[in-house]
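Asker: Before anything else, here's the structure in question.
The values are calculated or read from the model by the stated rules, or taken from the named source; none is laboratory data. These numbers come from a predicted model, not from an experiment. In this analysis, Cβ positions are derived from the backbone assuming ideal geometry, glycine residues included, and neighbour counts consider all displayed protein chains. Ligands, DNA and RNA are stripped out before the accessible areas are found, and what is left, the full protein with its side chains, is counted by its heavy atoms. Shrake-Rupley method; radii C 1.70, N 1.55, O 1.52, S 1.80 Å.
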Amino acid sequence: MVVQVEAAPINPSDLGLMFGPALTAQASYEEGRVSAPVPPAAMKALANRIGQQLGIGNEGAGLVVAAGSDARALVGCRVAAFAGAMYSQYRVIPAAGCMVLPEGVSAREGAAAFVNPLTALGFIETMRADGMSAMLHTAAASNLGQMLVKLCLADGIPLINIVRSPDQVALLRGIGAHYVLDSTSPAFPEELAQALSETGARVVFDAIGGGPLLGTILTTMEKVANADGAYSRYGSTQAKRGYVYGALDMAPITLPRTLGFVWDVSGWLLAPMMERLGPEARARMHGRVATELTTTFACHYKGELSLVDALSREAVEDYTRRATGSKFLILPSAPV
């Protein structure tokens, strides 16, 4: 069916396709076009991309304006989709790949119905599949982090939120979060150990990706697990898991050798995880998102941009900072 795209968010995963390793601070701008240099060391990894036109925009929402006989009843409905290439005025999408938005929910409200909501629910599904009952989340003041706080409060899941400023601590405490730790605080190591001891959390979902934070968390888990004083040359037998799902820091991940031997670190990506869960779990997750789209899963934006405005210097410099509170919504078509 044909969807007139009315709204599509700029997610971190979209920025990876839009700019990749290009140096936007050195970009040049002209009408509807941005040119930015790519470091020579990164060009090898991009060799297969040269010359390709790649549609951008993982998700979005809009009005169904035409459909085949099997989906004709959806004409006139607003739907959300996780279809790729949503930074378009019109997009052909299989009906099975769309979520019909509840009555009264606008395209703006439904534009981000997939990536963040399903990621937050996917963290919970992954935690439970690992036999865990509590978790940690880094860069936790994001839109996704705020959704996860609300979900964990509703489901009674202990959640340790790690942020990078006092303002972000206040933000999460304001929506009910209990454990909120500022990693820039001198008291962070002791507060982290205390929170891990109280919650028993042994799984972390890491949006930072690079640097020492993930290693610090896993090492502190090991320290807490050994708090009873028992000694083993191999460390504790307590499983510790780190899932890296973001890349806010492109530096290498630093893991000290004080982790013991019962630990693992792996990447976490939404689409493969959804496939592994199976159709029943996916239907359950989609149903919850549709029901709580304007409450638990409400997304907040700093501003709205047209497709042309999205390539202006001011806009690019703003949304490529990937800072909390700097999420933008692209409006490819005038909303109907």
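Asker: Residues in region 1-31 that are farther than 22 Å from K302 by Cβ, modelled with pLDDT under 90 and in contact with a helix residue (DSSP H, G or I) (Cβ under 8 Å, 6 or more places away or on another chain): how many?
Answerer: 2
Asker: Taking interchain pairs and intrachain pairs at least six residues apart, which have beta carbon atoms under 6 angstrom, with the first residue in region 167-192 and small (G, A, S) and the second open to solvent by 40 Å² or more (accessible area, probe 1.4 Å)?
Answerer: G176/L153; S183/R164
Asker: Sort through T184, T138, T126 and tell me the only one that's of a type in the set (V, I, T) and more than 19 Å from the chain's Cα centre (by Cα).
Answerer: Exactly one residue qualifies, and that residue is T184.
Asker: From the list W268, W263, which residue is in contact (Cβ under 8 Å) with a residue 40 or more places away in the chain and closer than 21 Å to N143 by Cβ?
Answerer: None of the other options fit; the residue is W268.
Asker: Considering each residue of region 13-28, count those that are over 17 Å from G246 (Cα atoms) and either surrounded by 15 or more Cβ atoms within 10 Å (Cβ to Cβ) or acidic (D, E) (or both), and give that number.
Answerer: Summing the residues that are over 17 Å from G246 (Cα atoms) and either surrounded by 15 or more Cβ atoms within 10 Å (Cβ to Cβ) or acidic (D, E) (or both) in region 13-28 gives 3.
Asker: Moving on to the next point. Going residue by residue through region 214-221, is there one that turns out to be open to solvent by 20 Å² or more (accessible area, probe 1.4 Å), among the small types (G, A, S) and in contact with a strand residue (DSSP E or B) (Cβ under 9 Å, 6 or more places away or on another chain)?
Answerer: The answer is no, given that none of the residues of region 214-221 is open to solvent by 20 Å² or more (accessible area, probe 1.4 Å), among the small types (G, A, S) and in contact with a strand residue (DSSP E or B) (Cβ under 9 Å, 6 or more places away or on another chain).
Asker: If the requirement is being of a type in the set (A, V, I, L, M, F, W, C) and surrounded by 14 or more Cβ atoms within 10 Å (Cβ to Cβ), which of these qualifies: I50, I10?
Answerer: Every option except I10 fails the conditions.
Asker: Right, next: Which of the residues that make up region 155-199 are in contact with a Cys (Cβ under 9 Å, 6 or more places away or on another chain) and either in a strand (DSSP E or B) or basic (K, R) (or both)?
Answerer: L159
Asker: On to the next question. Being over 17 Å from L101 (Cα atoms) and either assigned to a strand (DSSP E or B) or in contact (Cβ under 8 Å) with a residue 60 or more places away in the chain (or both) is the filter here; which residues of region 75-87 pass it?
Answerer: Matches in region 75-87: Y87 only.
Asker: Would you mind finding the one in R91, R108 that is touching a residue at least 24 places away in the same chain (Cβ under 8 Å), open to solvent by 10 Å² or more (accessible area, probe 1.4 Å) and assigned to a strand (DSSP E or B)?
Answerer: Going through R91, R108 in turn, just one is touching a residue at least 24 places away in the same chain (Cβ under 8 Å), open to solvent by 10 Å² or more (accessible area, probe 1.4 Å) and assigned to a strand (DSSP E or B): R91.
Asker: Only one of these is touching a residue at least 60 places away in the same chain (Cβ under 8 Å), small (G, A, S) and more than 26 Å from I56 (Cβ to Cβ): A281, A290, A298. Name it.
Answerer: A281
Asker: Okay, next question. Could you tell me whether region 113-130 includes any residue that is part of a loop (DSSP other than H, G, I, E, B) and surrounded by fewer than 24 Cβ atoms within 10 Å (Cβ to Cβ)?
Answerer: yes
Asker: Can you name the number of the only condition in (1) modelled with pLDDT of 95 or more; (2) touching a strand residue (DSSP E or B) at 6+ places or on another chain (Cβ under 6 Å) that M99 fails?
Answerer: Evaluating M99 over (1) modelled with pLDDT of 95 or more; (2) touching a strand residue (DSSP E or B) at 6+ places or on another chain (Cβ under 6 Å) leaves (1) as the failure.
Asker: Also, quick follow-up: Of the residues A225, A230, which is at pLDDT below 95, surrounded by 19 or more Cβ atoms within 10 Å (Cβ to Cβ) and over 21 Å from the mean Cα position of the chain (by Cα)?
Answerer: Of A225, A230, the one residue that is at pLDDT below 95, surrounded by 19 or more Cβ atoms within 10 Å (Cβ to Cβ) and over 21 Å from the mean Cα position of the chain (by Cα) is A225.
Asker: Can we say V79 is at pLDDT 95 or above, open to solvent by 80 Å² or more (accessible area, probe 1.4 Å), β-branched (V, I, T) and in contact with a strand residue (DSSP E or B) (Cβ under 8 Å, 6 or more places away or on another chain)?
Answerer: No; evaluated as a whole, the condition is false for this residue.
Asker: Filter region 41-74 for residues that are in a strand (DSSP E or B) and either acidic (D, E) or in contact with an Asp or Glu (Cβ under 7 Å, 6 or more places away or on another chain) (or both) and give the result.
Answerer: A61, G62, L63
Asker: Does V100 fit the bill of being in contact with a Cys (Cβ under 6 Å, 6 or more places away or on another chain) and open to solvent by 40 Å² or more (accessible area, probe 1.4 Å)?
Answerer: Taking the combined requirement at face value, the residue satisfies it.
Asker: Quick check on my filter: what residues within region 269-323 are open to solvent by less than 60 Å² (accessible area, probe 1.4 Å), under 26 Å from M99 (Cα atoms) and β-branched (V, I, T)?
Answerer: Selection gives V289, T296.
Asker: Does region 258-268 contain any residue that is at pLDDT 90 or above, closer than 25 Å to M147 by Cα and either of a type in the set (D, E) or surrounded by 15 or more Cβ atoms within 10 Å (Cβ to Cβ) (or both)?
Answerer: Scanning region 258-268, I find at least one residue that is at pLDDT 90 or above, closer than 25 Å to M147 by Cα and either of a type in the set (D, E) or surrounded by 15 or more Cβ atoms within 10 Å (Cβ to Cβ) (or both), so the answer is yes.
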